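J.: Provided herewith is a single structure, encoded as structure tokens, for subsequent inquiry.
The values are calculated or read from the model by the stated rules, or taken from the named source; none is laboratory data. Values in this document were obtained by computation on a predicted structure and should not be read as measured data. So basically every Cβ, Gly included, is an ideal-geometry build from the backbone, and we count neighbours across all protein chains shown.
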Amino acid sequence: MKFFLPILTLAATVSTANAFAGISSPSPSSSEATNAISRRETFAKTAALVGGVISFPSLSNAMPTDETPRTVTRMGGLLEKFADTQRGLSILAPSGWNKFEGEVGAYDIKWQDLVDQKENVKISSTPVKSTTVSISALGEDVQAIGSNLAAKRNAKLMKAEERLTDGILFYVFEFAINDGTHQLLSLCVSKGKIWSLDANTTEKRWPKREELYNNIIGSFVPRLV
Ligand SMILES: *[C@@H]1O[C@H](CO)[C@@H](O)[C@H](O)[C@H]1NC(C)=O
């Protein structure tokens, strides 16, 4: 699905805050996706037939089929449940952080540590065509997408993963940005939007924040639960 990478490249050159503004999938997307799926199924079936000993390059990027449950731990009160009934989203947010609402074109909701503004969690969303139903429309090679995003951020890619939670495909990236920021980023498509959730801290504070941030990222779903 290299076809979509230029779009991603283009989008990633704009500000992080609005990284996915203006993305609309080109019309061949659904048929491309369908072809890709049938290709994958074909490979998977073939591999199953031969006992999985043959490795096809495209198989390494097969979509996850196992559900990863939504994170529900509140870490003894460090996290609190937040539901936005208007936008239809749920997340475990850091308790006691400042919350900011909707700066148009920048973000939907942002939480910021009271003391250190470099510690923040931000949700943004951008409409996509109704035919774009999964983040895989951006490309199916999550590692390649991560490398691409890392280059645009002047960052080192620490992690690139995909998971299925509540039936939604999420891409999750971890970056060590050259300006000393450590960032987790998750992307998904739902309800006609690309949802982007990012969590920033300093490289120095990352070891202290890692568990909290992973739980925040793991708790987010763009629907009310
Ligand atoms: C997160 O960090 C990046 C890199 O420094 C920065 O561009 C971005 O604006 C930060 N996000 C927020 C919400 O401050």
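J.: Go over the candidates 204, 110, 159 one by one and state the one that is without any contact (Cβ under 8 Å) to a residue 40 or more places away in the chain, under 29 Å from residue 99 (Cβ atoms), touching a Lys or Arg at 6+ places or on another chain (Cβ under 7 Å) and not β-branched (Val, Ile, Thr). Outline the logic, then answer.
T.: On the way: 204 fails: touching a Lys or Arg at 6+ places or on another chain (Cβ under 7 Å); 159 fails: touching a Lys or Arg at 6+ places or on another chain (Cβ under 7 Å).
After ruling out the rest, the residue left standing is 110.
J.: Now a separate question. Which number in (1) in a loop (DSSP other than H, G, I, E, B); (2) touching a Gly at 6+ places or on another chain (Cβ under 7 Å) marks the one condition that residue 157 misses?
T.: Condition (1) is where residue 157 drops out.
J.: I'm checking my understanding of the structure. Among residues of segment 111-131 that are of a type outside the set (S, T, N, Q) and within 16 Å of the chain's Cα centre (by Cα), which one is farthest from residue 191 (Cα to Cα)? Before the answer, list the steps.
T.: Of all residues in segment 111-131, those of a type outside the set (S, T, N, Q) come to 111, 113-116, 118-119, 121-123, 127-129.
If we keep only those that are within 16 Å of the chain's Cα centre (by Cα) as well, we get 121-123, 127-128.
On the way: 121: 22, 122: 19, 123: 15, 127: 9, 128: 9 Å.
Across segment 111-131, the extreme among qualifying residues is 121.
J.: Just wondering, is there one or more residues in segment 134-143 that are modelled with pLDDT of 95 or more, over 14 Å from the mean Cα position of the chain (by Cα) and part of a loop (DSSP other than H, G, I, E, B)?
T.: Checked segment 134-143: no residue is modelled with pLDDT of 95 or more, over 14 Å from the mean Cα position of the chain (by Cα) and part of a loop (DSSP other than H, G, I, E, B).
J.: Sticking with this structure for a sec: Residues to consider are 164, 197, 212; find the one that is of a type outside the set (D, E, K, R), modelled with pLDDT of 95 or more and either within 13 Å of the ligand (Cβ to nearest atom) or assigned to a loop (DSSP other than H, G, I, E, B) (or both).
T.: 197
J.: In segment 100-135, which residue that is more than 9 Å from the ligand (Cβ to nearest atom) and among the polar types (S, T, N, Q) is surrounded by the fewest Cβ atoms within 10 Å (Cβ to Cβ)?
T.: 130
J.: Continuing with the same structure: Scan segment 92-114 for residues that are polar (S, T, N, Q) and not in a strand (DSSP E or B) and jot them down.
T.: 95
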